[in-house]
1. Could you identify the single residue in Ser100, Ser131, Ser153, Ser136 that is modelled with pLDDT of 90 or more, of a type in the set (Ser, Thr, Tyr), surrounded by 18 or more Cβ atoms within 10 Å (Cβ to Cβ) and outside any strand (DSSP E or B)?
2. Which residue pairs have Cβ atoms closer than 6 Å, lie 6 or more positions apart in sequence or on different chains, and pair a first residue in region 119-139 that is under 18 Å from Tyr76 (Cα atoms) with a second residue that is open to solvent by 20 Å² or more (accessible area, probe 1.4 Å) and assigned to a loop (DSSP other than H, G, I, E, B)?
3. Check Leu116 against each of (1) in contact (Cβ under 8 Å) with a residue 60 or more places away in the chain; (2) farther than 15 Å from His5 by Cβ; (3) not in a helix (DSSP H, G or I); (4) not hydroxyl-bearing (Ser, Thr, Tyr) and name the one condition it does not meet.
4. Tyr65 versus (1) in a loop (DSSP other than H, G, I, E, B); (2) at pLDDT 90 or above: which is the lone unmet condition?
5. Which one of the conditions (1) open to solvent by 40 Å² or more (accessible area, probe 1.4 Å); (2) within 24 Å of Asp66 (Cα to Cα); (3) out of contact with any helix residue (DSSP H, G or I) (no Cβ under 8 Å at 6 or more places or on another chain) does Gln110 fail to meet, given that it meets all the rest?
6. Being in contact (Cβ under 8 Å) with a residue 40 or more places away in the chain, over 15 Å from Gln114 (Cα atoms) and not hydrophobic (A, V, I, L, M, F, W, C) is the filter here, so list the residues in region 1-43 that pass it.
7. Can you tell which of Gly79, Gly4, Gly36 is at pLDDT 85 or above, open to solvent by less than 90 Å² (accessible area, probe 1.4 Å) and on the phi > 0 side of the Ramachandran plot?
8. Just to be sure, is Ile69 closer than 19 Å to Pro158 by Cα, crowded, with 17+ Cβ neighbours inside 10 Å and under 17 Å from the mean Cα position of the chain (by Cα)?
Amino acid sequence: MTAGHCLNGDKSGAYQYDVRVGTDHTVGNWNGIDVGLILLDSTNELSPRYVTNYFYWHAEDNDDYDKRIEGIGTYYYSGMYLCKSGNTTGVTCGYLESTSYKYVDYAGDQYGSQKLLKINNDNNTGILNYSSGGDSGAIVFDPYAFLIYGIHSGGESPDGSTNPTYGLFTKITDVMNMYSTPSASFSIYISDTNVRFD
């Protein structure tokens, strides 16, 4: 799972750096949900892959997953403290401004408005930029109970500068509602057992 604007939903190859990991399966952006799903390829002995709930928390060398997601957060409230763990800026945190959606049209995409929630950067951390290019698709989580609350969509600055001081994210509950059916509920993997994907 990642941000939908990172994919096209066209069944082409999906890559992590230069390694193919699966197929660009589907996007929810047409429905105003910035989410995309990748259908994983089978692995082999030279390129083993595992289903896990690990993510980067305090991995300063960006070489080790060192914390686990413990579950899914479903209750949102103004002022709640949330973090994202991005590929470019690492872990940055802030306060949920409101539970009301902010509708965003990304320049140059064909999807129309995306309904997102806004996190204001915690300036007390000394980190000025909440987000930067390459962070899209990061998890948004509660840094106390380690529940996942969403998927990072992007960052913006109120003055239009190149230093995004707040972040935007898709609610994980919106993703679950979109992909669930009467016979099967969409969920994320939260078991502490790492399972090899073959």
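1. Among Ser100, Ser131, Ser153, Ser136, only Ser136 is modelled with pLDDT of 90 or more, of a type in the set (Ser, Thr, Tyr), surrounded by 18 or more Cβ atoms within 10 Å (Cβ to Cβ) and outside any strand (DSSP E or B).
2. Asn120/Glu97; Asn121/Thr165
3. (2)
4. Every condition holds for Tyr65 apart from (2).
5. That leaves (2) as the condition not met.
6. Once the filter is applied, which keeps residues that are in contact (Cβ under 8 Å) with a residue 40 or more places away in the chain, over 15 Å from Gln114 (Cα atoms) and not hydrophobic (A, V, I, L, M, F, W, C), region 1-43 yields Ser42, Thr43.
7. Within the list Gly79, Gly4, Gly36, the selection yields Gly79.
8. Considered against the rule, which asks whether it is closer than 19 Å to Pro158 by Cα, crowded, with 17+ Cβ neighbours inside 10 Å and under 17 Å from the mean Cα position of the chain (by Cα), Ile69 comes out as no.
The values are calculated or read from the model by the stated rules, or taken from the named source; none is laboratory data. Fair warning: this is a prediction, and the values are worked out from it, not measured in the lab. Neighbour counts are summed over all protein chains in view; Cβ atoms, including those assigned to glycine, are modelled from backbone coordinates with ideal geometry. The accessibility values were calculated without ligands, DNA or RNA, using every heavy atom of the protein model including side chains. Shrake-Rupley method; radii C 1.70, N 1.55, O 1.52, S 1.80 Å.
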